[in-house]
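Participant: Got a structure for you, questions after.
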Amino acid sequence: MKHIILLISMAITCVLVAVANVIITRIIGLNFFTFKLWFVVPAGAVCVGMLGASGAILAARYFNIRPTVVDAILMVVIAAATMGLIYFLDYTTFVLDDGRKVADLIDFGSYVDLVLTKAHMRVGRGAGVDSGEVGQMGYALAGIEFVGFLIGGAATFFLIKGLWRCAECGSYLRKLKTKKTKELTFDEASKIIDLFKAGNLETVQGVMAWSPAVRTLDRNGQKALISFDLHGCPKCKTEVVSAKVNAFNGKEWKDVPALTTRRDLLSGVSLRDQFA
Ligand SMILES: [Zn+2]
């Protein structure tokens, strides 16, 4: 039953995403799923593939389903089907300027062949230079995009697998509230993370309430921000508090996922007040 719920949800998003892709492509004249980074990394296809299978994310969370390997395979299949459906919808709805329908003139296979080989490859980020018909290269490009869709389907599975669950009952946690510290030095941040990791409840409360004295840190120097998130279990109401670090190295802000820490609170204990 759970597999079916996931499958139906994915089928819905697959159709919605395919329809949206076709409509948007007609409007802006550029197919988002063909977008690639450095000509070969099919970033657009990965995104659209993930969106196609994204119904599984919503259903898994809502119905509290843990996807299995079978579901993972289905996610990959659905993502691939999204690409096929996009071509098919394009084919069935394409009307030439003189009013003739493409579907009345050629079969689907010939249409795809035509689209792939006669497409004009655009160099640069969509706008730039037209480098002419792509010919047989079109199949190679479509092959890369197809792989992108498969990766998108697999990524959906790993995204669901990575969602935090309640240690008591296994339900997916919901993020309820969030709170950020002021700008901290690296020393302060690492001390806070250490105390947050190892301290008892009082220490954790103290750390979350602490704030540095008013001061100005060097604009271009190293500094860090810590965000505390309150997560709650929708079923047994157990709370989890997490801390994640965002660091500035002098040039740019970056998340530091290795420092992300999670504290599971005992059932009945709440740190909601800390987020007021
Ligand atoms: Zn729970």
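Participant: Highest first, please rank the peptides 15-24, 265-274 by the mean number of other Cβ atoms sitting within 10 Å of their residues.
Facilitator: On the way: 15-24: 17.5, 265-274: 12.9.
For the peptides 15-24, 265-274, the packing ranking is 15-24, 265-274.
Participant: Between Asp218 and Ser171, what's the calculated FRET efficiency when r is the beta-carbon distance and R0 is 35 Å? Round to 0.05.
Facilitator: On the way: r = 44 Å, r/R0 = 1.27.
The formula returns an efficiency of 0.20 here.
Participant: Can you give me the Cα centroid spacing of the stretch 187-209 and the stretch 149-179 in angstrom?
Facilitator: 25 Å
Participant: Here is a further query. If I model a spin label at Trp38 and Ile8 as a point 7 Å from the Cα along the Cα→Cβ vector, what separation in nanometres do I get?
Facilitator: 4.4 nm
Participant: A follow-up question, please. In terms of modelled amide H atoms, which long-range or inter-chain residues lie less than 5 Å from the amide H of Thr178?
Facilitator: The answer is Leu230.
Participant: Quote the relative contact order of the chain in percent (integer), defining contacts as alpha-carbon pairs under 8 Å separated by 6+ residues. Provide the component values of the computation, followed by the final result.
Facilitator: Values: 451 pairs, mean separation 43.5, N = 276.
Worked out over the chain, it gives 16 percent.
Participant: Measure nothing but the geometry: give the 0 to 90° angle between the long axis through the Cα atoms of 69-93 and the longest principal axis through the Cα atoms of the chain, rounded to 10°.
Facilitator: The helix 69-93 is inclined about 40 degrees to the chain.
Participant: Another question, then. Percent of accessible area on the stretch 143-203 owned by carbon and sulfur, 1.4 Å probe?
Facilitator: Answer for the stretch 143-203: carbon and sulfur cover 58 percent of the accessible area.
Participant: Starting from the Cα-Cα distance between Asp113 and Arg61, subtract it from 0.36 nm times their residue separation and give me the gain in nm to one decimal.
Facilitator: Numbers: separation 52, 0.36 × 52 = 18.72 nm, distance 3.98 nm.
Answer, rounded to one decimal: 14.7 nm.
Participant: For the stretch 174-275, what's the relative contact order in percent, using C-alpha pairs closer than 8 Å and at least 6 residues apart?
Facilitator: Working: 174 pairs, mean separation 31.0, N = 102.
Computed over the stretch 174-275, the figure is 30 percent.
Participant: Hey, another quick one. Can you give the angle from 0 to 90° between the axis of helix 137-161 and the longest principal axis of the chain, with both taken from C-alpha atoms, to the nearest 10?
Facilitator: 30 degrees
Participant: Hey, rough spin-label estimate for Asn249 and Trp164, points 7 angstrom out along Cα→Cβ, what's it come to in nanometres?
Facilitator: Between Asn249 and Trp164, the label points sit 2.6 nm apart.
Participant: Moving to a separate point now. Compute, for Thr92, the solvent-accessible surface of its heavy atoms (probe 1.4 Å) with the complete set of protein chains present, and express it in square angstrom to the nearest 10.
Facilitator: Its heavy atoms expose roughly 60 Å² to the probe.
Participant: Something else about it: Mind listing the phi-derived Karplus ³J(HN,Hα) values for the stretch 32-49, rounded to whole Hz, using 6.51, -1.76 and 1.60 with θ = phi - 60°, and x for any glycine or proline?
Facilitator: 4, 6, 8, 5, 10, 8, 6, 6, 10, 7, x, 4, x, 5, 4, 4, 5, x
Participant: Also, quick follow-up: Give a residue-ordered list of calculated ³J(HN,Hα) values for the stretch 253-261 (Karplus: 6.51 cos²θ - 1.76 cosθ + 1.60, θ = phi - 60°; whole Hz; x for Gly, Pro).
Facilitator: Values per residue, Gly and Pro as x: 7, 9, 6, 10, x, 5, 9, 5, 10 Hz.
Participant: Lys223: which lysines have alpha carbons under 24 Å from its alpha carbon, excluding same-chain residues fewer than 8 sequence positions away?
Facilitator: Lys177, Lys179, Lys180, Lys182, Lys191, Lys197, Lys244, Lys251, Lys254
Participant: Hey, another quick one. What is the helix-to-structure angle for 186-198, meaning the angle in degrees between its Cα long axis and the longest Cα principal axis of the chain, kept from 0 to 90 and rounded to the nearest 10?
Facilitator: Roughly 80 degrees, rounded to the nearest 10.
Participant: Quick one: compute the contact order of the stretch 2-161, relative version, from alpha carbon pairs under 8 angstrom and 6+ residues apart, as a percent. Write down the numbers at each step before the final one.
Facilitator: Details: 247 pairs, mean separation 51.2, N = 160.
Rounded, it is 32 percent for the stretch 2-161.
The values are calculated or read from the model by the stated rules, or taken from the named source; none is laboratory data. None of the values given here were measured: they were computed from a predicted structure. Every residue, glycine as well, gets a Cβ built from its backbone with ideal geometry; the counts of neighbours run over all protein chains shown. All accessible areas refer to the heavy atoms of the entire protein, side chains included, with ligands and DNA or RNA removed. Shrake-Rupley method; radii C 1.70, N 1.55, O 1.52, S 1.80 Å.
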